[in-house]
Structure formats: structure tokens, C-alpha cells
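For reference, the structure discussed in these notes is given below.
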Amino acid sequence: MDRGWRLFLRTIVARAYPRVVGQQRQRTWIFFETFLPFVAVSAYVFVYRALNAPADYIGFVVMGGAMTAFWLNIIWSMSAQMYWEKDNGNLALYIMAPNSLMAILLGMAIGGMFATSLRAAVILILGTWVFQVPFVVSSPAQLFAVFLLTMTALYGMGMLFASLFLLFGRDVWQMNTMLQEPVYFLSGFYFPVKSFGFAVALAASIVPMTLGMDAMRQLTFSSGPSIGFLRVRVEIAVLAVLSIVFITAAKYWLDRMERLAIQEGTLTDRRR
Amino acid sequence: MKPEFAIHTEHLGRIYKVRGNRREKRQLKERVALRDVNLQVPRGEFFGLLGPNGAGKTSLIKILVTLLAPTTGRALVAGHDVAKYPQSVRPLINMVSGGESSGYGLLTVRENLWLFAQFYGMDYRTTRTRIDELLEIVGLKDRANTKTSDLSTGLRQKMNIVRGFLTDPHVIFLDEPTLGLDVGASRDVRQFIRNWAAAKPERTVLLTTHYMAEADELCDRVAIINAGKVLDCDSPANLKRRLQREAIFHLEVSPLNGVVHGFEHLPGVRKFVHTPGDGKSELELILESDDAIGGVINTLTTHRARILNLQKREPTLEDVFVDLVGMSLAEAEKNG
């Protein structure tokens, strides 16, 4: 039997598997996770068109609509996941196996990221085609780096929430609902975050989606640089810092949660 | 050198801190789940923990599988201290619980089993071979590619059993593995466990159950546990032999009312359990000798109770439990 990093990798692949393969078997995702967000995107597009907003704004909305898939995945399938795992008895089996819980979280994150990218791509392609979005990519390399760092920081945040939310028990559902809409608003999913003013935009930057989308807008639309909150290079640096902070914090809290689970005997017991 | 004992506990205790009611919200009450548990289970033994719900069986298993820290004492599994070196214990053990709903419903039986094997670092070929073998043995081979969400409770529990044994653990912990299963499925599961343990002499099984017959049938030794304390520990045959000096009677009589309390003072009556039933009462009596039954019959007749059935029988583990605890397993569960 493998030990060390080989076991770590096996665990990541195994835990990513239900996300990548299992979720595709539930065909309802096509309706709930692509069609419904597309309807929301369409509503914003028609509002912008009615206001005669610049064409790039239609693109902002389509991009925001695609990125909502990731935020929904973070709050419903990452943050709440450990609680569901506790509820169905998987968490106890994870803890008592010789694997690392961090590998479980990473597997959840990587699997979720992969499956959600598929959903986001569908929304993006559909929106671009239906609303004729004019993309002008100034630096594909930077765009790739921004996307990768945004995902790393975002899923790092999801991993941190997954550990923390174990404390909330059944209240996790309300917690998620509370996070969903405010983050859509504060992260500027459908408009440039610069319009909030510096202080609010800075505060909103704690959610990696804020700077990630701002940087992506700057890199993919001709009017992007003029409505950017910070320079792209600065945003890349901040996203890198956020990635490190969230993943380190996730590891710290996960270890703490495991210790608490074993000391108190509360986190692996479905009856408590 | 391999340790002599697969499981060894010394003065093991566990106290839970539980929240009080609304008025006492801020106060934490202490609930003793285990107290001064001393057990030695040699390698290769099929060991049973027998007790009512809430006796402390699951707490003990959780400590042994590294899911719960003891409050006092220590526990060693396969020679390693579970609290200090959980990482040394974990590759050597596995656990199956009754009524488990682990795994992912969207994955097939084979995929779920593969997934859990990966958490133990098992390579692809070994995993595939073992899954095929075990599914064949438990009669689940034809459902290998069925989604877990489409399985019945019994089939799902068979999958859980395979999951636990897939890693070929040195020590397997079975927490009420036949809970909620029908008679046929329970028999299949027991048969599988027995064969698995018999296949290699160093394999150790710790089974918790509140089914007396299950413990009697499977276990080399049984510890009887109630209210967190181990009351006795021996082979089922020895435990029952201790009662063979006594006479055990089962009576069915017309419904009893006040007369129930009168038995306590009858000469020769050691223990009795009264179970009111539908239109009749059942009495289990442990008497010092056969002669004492005369007094019981006289008392029943005086109170105009009709005797519907009277049987003298061999002692069972249930009688051992009654003798040790002073009440039946069902009563112990009712009293919490």
C-alpha cells in the first residue's frame, strides 16, 4: 500500500472522481446550472441594452454569469460539503483512514473546479454567441495566470470555509444563502467594481472573485483598462497572496477541526 | 515482533460534556460513557462487546479506531497507542457500522469501493481483484455497476461490509453490522464475517451488538458492558456455565398486575424479568434451584393468574445479562 505523497495523490484523484464523473450523471445540472444562470445573464443584458450601455458591458455580464457557477460551487459544494460528509458518515471514514484530510479537501476542490469549468464554459459560449460579445484579449498569458490564480485563491477560500462551516451544523444552509447574493453584488459580477469607490472595492477584494474578474475584464475587453480597479500586475500579486493565505488557513483550521472532532467527539457523530 | 494483543485497554474512560436544557444552556453537564475499561484481546480473536444501546460500545469503538480521544487511561491497537500514534494505527484497521450511508449515491458499487480503497493507498490491480472477490462472496457481483442510490438497505450494507474488509485490516471493528437487516441478509453477513476471520488466524474482529444470539454464535469471548462499565468477560460457554447451577424458567401467564412486585421476596428467586404482552405476561426467572418454582406457582395461583406455558430451559447470554445487570437488555435500553 502506498504511503506519503503517493497516498496523498491517490486520495486527491479519488475524491475528485465523484465531482468529475458522478455529477455529470445528474443531468439536471444542464437546466439548473447553465440555463437558469443564462436567464439571469439575459435579464442584465436587456437592462444594459435598454440603457444604451457600451457593448463591453454585455460582455461583463456574460463573463460574470459564467463566473457565478464557480461561486455557487464554492458555497454549496465546497463550504457545505464537509457538513454533508459528516451527515452521511463519510467524514468519520476519512478521518480514520491513513490518508490526509487536506488531500480530501484538495480532491474536492480540483474535482469541483473541473466540473464547474464545464458549466462556466457552456454559459460563456452560449452568452457570447447569443449576445455577440466583442472579446479583445490583450495578453493570453496574463489572462491564463489570472484565471488560474483566481481559481486557486477561490478554492482555497472554499477549503477554509469547508472546515469552518463544520461548526455551524444545520445552520450551514442559512450561512450559504447569506453569502450568495451579497457576494454577487460586492464582487461586481455584472458591473466594474471600481464604481464602488476605493474603500468598498478594497474590502470586497477579500473575495478572490472581485480582483479576478476585474483583471479578466481588463484583459479581455477594449474598454477594460479604463474601468479597472487596480493594475493587472498588482491584482495578480494580491491573488497570489490570497491563494497562499487561504490554503494555509484551510490547513490550519482543518487540523484544528480534526483535533476538536477527536477531543469532543462531536463532529463525527451524526446524532449530535 | 508483533504485539501479543490486538487490542489492549488500561483504565480507559470517556466523559462527554453535554449542554443542559434551555435554562441551563451555559452549563455543561458531564455524561460518563466509559469508566475504567480494561480489556485484552489477543491477536486472532473474535471478540464481542454486548450491551444495550447507550452502554458505551460505540464510544469504545470510536476510541479504538482513533475517532475519539479517551478522557482517562489508554488504548493500544496492534501495539500502537491510539491517542498518541493514530497514524500508525489507521493503516491496520477498518470499521463497518450498521445503518451506514457512506459513499456517494451517484457512483456505482465498484466506484465507491475503489474510492475508499484509494484512501488506504491500494494499487489498481489489488483493488480490482479484491473488489471482485469480495463482491462475489457477498453475492453482490451482479450489482457491481449499479448506482449505490439504487441499492436496497441490505445490499447497501453488504457494500459497506466489503468496503471495510477490502483493505484486509489486521483488526476490523464491526459496530452493529447487521442492524436493520432482514434475517437472510443478517445470516449472509454473519457467515461472511466468520469465514473471513477463519481464513487467517491473525485476523482480529471486534464486534459490538445487542443481538445476544449473534454474539453467542460468532464470538470467542464476550464482554458484557452496561452504563460504560465492563461487567464480565469470558467465552459465551463459560458465561452461561456460571448460570447452570441455577434453574431458568420461562413462563407465560394471564396478565399480571400488582403481583409482579411480590416475586422479589420469594425464597430461591434470584432474578426475574416481567414483560407485559398482548393479553398475557411473560416471566423470565433465574432461580437458585428447581424447588423454588413451587413458590412462584403458589404466588401466581394465589393471585388468580393462570399459567399458560411453563418451560425450563438452558441459560442464554440474555440470562447472563439479566443476572449481571438485574434487568433484561430491552429494559436496560428503555432505562437509558
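Read-outs: derived from the displayed coordinates by stated rules, not from any lab. Being a predicted model, the structure only gives us computed values, none of them experimental. Note that we place each Cβ from the backbone using ideal geometry, even for glycine, and neighbour counts take in every protein chain shown.
One table, with the values for the structure above:
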quantity: Semi-axis lengths, Å, segment B:234-283, gyration tensor of Cα atoms, sqrt of 5 times eigenvalues; calculated: 26, 14, 8
quantity: Charge-dipole axis of chain B as Lys and Arg at +1 and Asp and Glu at -1 on Cβ define it, positive-most pick from B:ILE193, B:LEU28, B:SER149; calculated: B:LEU28
quantity: Gaussian network model of chain B, Cα within-10 Å springs - most flexible of B:GLY98, B:GLY279, B:GLY326; calculated: B:GLY279
quantity: Residue with peak Gaussian network fluctuation, chain B [Cα springs, cutoff 10 Å], from B:LEU218, B:LEU49, B:LEU151; calculated: B:LEU151
quantity: Principal axis dimensions, largest first and in whole angstrom, of the protein assembly as shown by Cα; calculated: 104, 55, 46
quantity: Dipole magnitude of chain B about its Cα centre (Cβ charges: Lys, Arg +1; Asp, Glu -1), debye to nearest 20; calculated: 1320 debye
quantity: Those trypsin sites (Lys or Arg not before Pro) in segment B:20-116 that DSSP places in a loop and that have at most 12 other beta carbons within 10 Å; calculated: B:ARG22, B:ARG23, B:LYS25, B:ARG26, B:LYS84
quantity: Karplus-derived 3J(HN,Hα), 6.51/-1.76/1.60, for each residue of segment A:118-129, Hz, glycine and proline x; calculated: 5, 5, 5, 5, 4, 5, 5, 5, 4, x, 4, 6
quantity: Candidates A:GLY89, A:GLY111, A:GLY156, ranked by Gaussian network fluctuation over chain A, Cα under 10 Å, top entry; calculated: A:GLY89
quantity: Percent of alpha-carbon pairs separated by more than 33 Å within segment A:4-264; calculated: 21 percent
quantity: Charge dipole (the protein assembly as shown, unit charges on Cβ, about Cα centre) - positive-most of B:LEU231, B:PRO255, A:THR28; calculated: A:THR28
quantity: Cα centre as origin, Lys/Arg/Asp/Glu Cβ charges: segment A:115-272 dipole, Debye; calculated: 80 debye
quantity: Candidates per trypsin sites (Lys or Arg not before Pro) in segment A:1-81, loop by DSSP, up to 13 other Cβ within 10 Å; calculated: A:ARG3, A:ARG27
quantity: Pairwise centroid distance, computed over Cα atoms, of segment A:100-146 with segment B:109-155, Å; calculated: 33 Å
quantity: Positive-end residue of B:LEU207, A:ALA80, A:ALA97, charge dipole of the protein assembly as shown with Cβ unit charges; calculated: A:ALA80
quantity: Built amide H within the under 5 Å cut-off of B:ASN226, gap 5+; calculated: B:LEU231
quantity: In order through segment A:6-15: 3J(HN,Hα) via Karplus (6.51 cos²θ - 1.76 cosθ + 1.60), integer Hz, x for Gly, Pro; calculated: 5, 5, 4, 5, 4, 5, 4, 4, 5, 6
quantity: Cα-centre dipole for segment B:245-313 with unit charges at Cβ (Lys and Arg positive, Asp and Glu negative), debye to 20; calculated: 80 debye
quantity: Segment B:5-240: projected area of the alpha-carbon convex hull, averaged over directions, in nm²; calculated: 14.0 nm²
quantity: Alpha-carbon centroid distance for the pair segment B:294-332 / segment A:199-238, whole angstrom; calculated: 80 Å
quantity: √(5λ) per eigenvalue of the Cα gyration tensor, segment A:147-263, largest first, Å; calculated: 30, 16, 10
quantity: Segment B:245-313: Rg to Rh, with Rh as the Kirkwood radius over Cα pairs; calculated: 0.92
quantity: Set B:LYS62/B:LYS271; B:LYS158/B:LYS312; B:LYS158/B:LYS280; B:LYS17/B:LYS84 screened for pairs whose C-alpha atoms are more than 28 Å apart; calculated: B:LYS62/B:LYS271; B:LYS158/B:LYS312; B:LYS158/B:LYS280
quantity: Cut-off under 5 Å, modelled amide H: who pairs with B:MET95 long-range; calculated: B:PHE173
quantity: B:LEU49 long-range amide H proximity, modeled H, under 5 Å; calculated: B:LEU207, B:THR208, B:THR209, B:ALA223
quantity: Segment B:199-222 versus segment A:1-59: alpha-carbon centroid distance in Å; calculated: 49 Å
